[in-house]
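Heads up, the thing below is written out as structure tokens.
The values are calculated or read from the model by the stated rules, or taken from the named source; none is laboratory data. Only a predicted model underlies this, so the values are computations on that prediction, with no experimental measurement involved. Glycine gets a Cβ as well: all are built from the backbone with ideal geometry, and neighbour counts include every protein chain shown. Surface areas here come from the heavy atoms of the whole protein model, side chains and all, with no ligands, DNA or RNA. Shrake-Rupley method; radii C 1.70, N 1.55, O 1.52, S 1.80 Å.
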Amino acid sequence: RTHPPSFAVQWLLFPAILASAWDLPSPLDPSSDHHPALCAFVCGSSSLGNAAMDSDRCNTVCRDKLGEIPLPSGVVSASCQQELNVWYNATESILDGTYKEPKLLEAIFSSSNLPVALATMVYSFATIPLRNPTAGYLGFGNTYIKDYGKYDACNYIDGAQFCITTYYLQKGAMTFSKYGPFATCVPSACSSDDVNGIWKFAESTLNSTLKSPEVSMALSLLPSPETYCGDRSYSLSAGGITVVCILCILAFVVLVASAWDYLSRNGYCKSNQGSESMYVNLPQTSTEQDGTLPIAPSESKSINQNEETKERGPSLTTEDSIAFPTSLQCFSLYKSYGSFSKIRSRKGTAVLDGIKVFSMMWVIMGHSLAWPLIGAGVTDLGALVPWPGTKNPSMSTWEGQIIMSAKFSVDTFYFISGFLAAYVSISKFRSKSWFKTLCSTPAMYLHRFLRITPLYMAAMWTYEEVLPAFFTSPFYDYTTEQQFCRDHWYRHIFYIQTMWPADAPKCFIVSWYLANDMIFFLFFPFLLTIFKVNRIAGYALPVAICVTSIIYSYVKAGENEWRIGQFDGSKYEPDYNYPPWTRCPTYLIGIIFGFFYRDFQAYKSTLGRKPIFGSWPKYLVDGILVSLALFIFGACVYGAHSDLQTVPGEMDAYENYAYIALTKPAWAIALALLCFVMFEDGAQTLSWMLSREMFAYFGKLTFGMYMIHPLMLGLFDLRMVRETRFSVTNYAVSFVGILGITLVTSFFAHLFIEVPLASFEDYALKGGKRKSQK
């Protein structure tokens, strides 16, 4: 018998199992010590372009090596070997003219080609010292040395399971520091250790077949394979059941309250509000109050209940009707939607609505790119990341850097949060002494905690305990994250997880933002008190803290060699991005701007209607401030353009440290300049766009969108059974889809969770007394 004319033809025309099985006895006793089925996995049928590596020679070496290994301490366990032999016998029956399902053939077809994978891996690993380890086809950068096999095909085989094997060069390092994953479809009787044994035996067989010193050296240094078999599926845990029950109870209360409210509105029940009505006249517009967004539920003006009852027809008498409990009114969808539909004046600080909405879109835009990387991965990481030799990767393009700069959106929210805290509080506590202001601190803490915690906890525990129940994928491992959340739940309920920066993203990865925002707010009442005592000290203290934080960040960046590049492998992300002591400047700049703008408004009020500047000087000042703000925005987004042209980045070390320490505070300063101009009726085109009514509505949903978008991304990306192909079109479609479903889901969360609980908190803290409506 002669070989086909070339290894390529042999590979294409002869399945591996038939090439191996042709010379082997048939049938086999399932308990036989012979292992021809293993050789089918290990050898394949390709010579790999190497005359020493033809399938006959590999099978001969394989059988000889297997003859030296007694069972059950051999390559695989006895139970696994027995099932493999059963599969092999079914395949051999094809040659006898009978038919049994050729499970071994199907399994190998569903698996990675072991000899091809190993030979490619060995060649890559052997040449790493000679070149950039991330460069080229065989480098880590493009992540081409992997084979996801055929997940669905393997699962269709009765009694088979899908196993994923990975060679980690540095455990826990960046996603490119590994070979794999590789797929192996084996009987369900085989364990992860059995599959590891198959891969280790394949290494030994490859070494003995090729007899190359270079191959031997590379194989000796190659790390051990790590395998996971079966789907990573999760049942609904006790915690998940608890979350579902709580959400269902809340939904039930909302629906009951809405139904009762409907009956009350139609005269079948009496209201406890006397002459006041719960009716909502839409649309509603309220005047601007302290520049804040209305977060407590609102009620419409009183109307004549008797007249409305006549219009709706007969109703029960007062004696027969049942009163609508005031506490239950808080959960009515009528009230919740009334609160959602009520917007403030579209002047002044209303532009913050548009800024919030676009910033939230920016967050989702960045995470839509990141989530596939933490799931099954992408086919062509080199199309995204500028490894040496890649062609026009998206991350290095001018438009791609907008996505890579999405982290500035978080600084925008910090700035707005600090500004509103200061701007609103100055007005709220204007008539109170500094001592009474300080005494209000516990109430301020309680109010903020009760407002943001319910939705935060609902989203977090849904993500960690409920979402995994929908997963059936061999790739993303939820076990470690779930256990970490269960062990460290107290960090999240008290908003202190960023005090351990390295652990901050290990549970509900987006929650670090809320922790920092809450920590910043803890210090705000004291800054406000100092400001009321002494204006100069009130400005000087936050400025001093900002400068100290910036200097600290610059020094630490130099000591620890932080690099701005996402794939440069430094500890920039955990050591700078998460700790509150490095991220506080943007919040503090927001506070400073809030103090300043209140003082500026007070100064303007002393001038009466006399403008500070004439028309042309005002236009000139506005133009200068807007131009400066846009220049700073551009410098922040594109200042690292040269560094993002390759991995690792080539920006000068000191420029890199300065970029890390200065850009986020600079971003907040630019926001302050731009907001000041728009608050004062400048930049009218931009101000007109950002203050549109639709942004007022969408702006109320941004908190919910931030909490909920990880659930939508998880449902879409973490359930994948193979990698995603990155392209601009695929990415754009994914982003728009995630944005849309997040917006819709957040709307329902706003009506069923945020507003009802906020209204009930307002009702409870006032001792059951509601504000009278004028």
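Out of A257, A251, I need the residue that is buried (at least 16 other Cβ atoms within 10 Å of the Cβ), hydrophobic (A, V, I, L, M, F, W, C) and touching a residue at least 24 places away in the same chain (Cβ under 8 Å). Which one? Full working, then the answer.
Numbers: A251 fails: buried (at least 16 other Cβ atoms within 10 Å of the Cβ).
The conditions single out A257.
Taking the condition of being under 35 Å from the mean Cα position of the chain (by Cα) and closer than 30 Å to F125 by Cα, how many residues in the range 197-243 meet it? Break it down stepwise before answering.
Here is the first cut: in the range 197-243, the ones under 35 Å from the mean Cα position of the chain (by Cα) are 199, 222-243.
Adding the requirement that they be closer than 30 Å to F125 by Cα leaves 199, 222-232.
Going through the range 197-243 one residue at a time, the tally reaches 12.
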Practice item. Run T742 past the list (1) out of contact with any strand residue (DSSP E or B) (no Cβ under 6 Å at 6 or more places or on another chain); (2) open to solvent by 30 Å² or more (accessible area, probe 1.4 Å); (3) of a type in the set (S, T, Y) and report the number of the one that doesn't hold. Key: (2)
Exercise for review: Tell me, please, whether a residue that is within 23 Å of P388 (Cβ to Cβ), charged (D, E, K, R), more than 28 Å from the chain's Cα centre (by Cα) and not in a helix (DSSP H, G or I) can be found in the range 651-658.
Suggested key: yes
Review point. Can you find a residue in the range 579-594 that is modelled with pLDDT of 95 or more, of a type in the set (D, E, K, R), within 29 Å of D503 (Cβ to Cβ) and buried (at least 22 other Cβ atoms within 10 Å of the Cβ)?
Key: yes
Practice item. Please specify each residue of the range 560-578 satisfying the condition of being under 18 Å from P665 (Cα atoms), open to solvent by 10 Å² or more (accessible area, probe 1.4 Å) and part of a helix (DSSP H, G or I). Key: Y572, E573, D575
Review point. Which one is nearest to the chain's Cα centre (by Cα) among residues in the range 477-498 that are in a loop (DSSP other than H, G, I, E, B) and surrounded by fewer than 18 Cβ atoms within 10 Å (Cβ to Cβ)?
Key: D477
Practice item. Could you tell me whether the range 115-138 includes any residue that is open to solvent by 10 Å² or more (accessible area, probe 1.4 Å), in a helix (DSSP H, G or I), basic (K, R) and at pLDDT below 70? Key: no
Review point. What pairs can you find where one residue is in the range 374-392 and assigned to a loop (DSSP other than H, G, I, E, B), the other is among the basic types (K, R) and modelled with pLDDT of 80 or more, and their Cβ atoms are less than 6 Å apart, with a gap of 6+ or different chains?
Key: A376/R722; T379/R725
Practice item. Tell me which residues, restricted to the range 716-738, are at pLDDT 90 or above, more than 22 Å from G382 (Cα to Cα) and surrounded by fewer than 19 Cβ atoms within 10 Å (Cβ to Cβ). Key: V736, G737
Practice item. Select from the range 626-643 the residues that are open to solvent by less than 20 Å² (accessible area, probe 1.4 Å), assigned to a helix (DSSP H, G or I) and modelled with pLDDT under 90 and list them in ascending order. Key: D643
Practice item. Please indicate, with yes or no, whether at least one residue in the range 378-397 is of a type outside the set (A, V, I, L, M), surrounded by fewer than 19 Cβ atoms within 10 Å (Cβ to Cβ) and in contact with a Lys or Arg (Cβ under 8 Å, 6 or more places away or on another chain). Key: yes
Check your understanding: Among S409, S339, S327, S425, which is the only one that is surrounded by 20 or more Cβ atoms within 10 Å (Cβ to Cβ), out of contact with any Ser or Thr (no Cβ under 6 Å at 6 or more places or on another chain) and assigned to a helix (DSSP H, G or I)?
Key -> S425
Exercise for review: Looking for whichever is more than 23 Å from I403 (Cα to Cα), open to solvent by 30 Å² or more (accessible area, probe 1.4 Å) and out of contact with any Phe, Trp or Tyr (no Cβ under 8 Å at 6 or more places or on another chain) here; the options are L673, L686. Which one fits?
Suggested key: L673
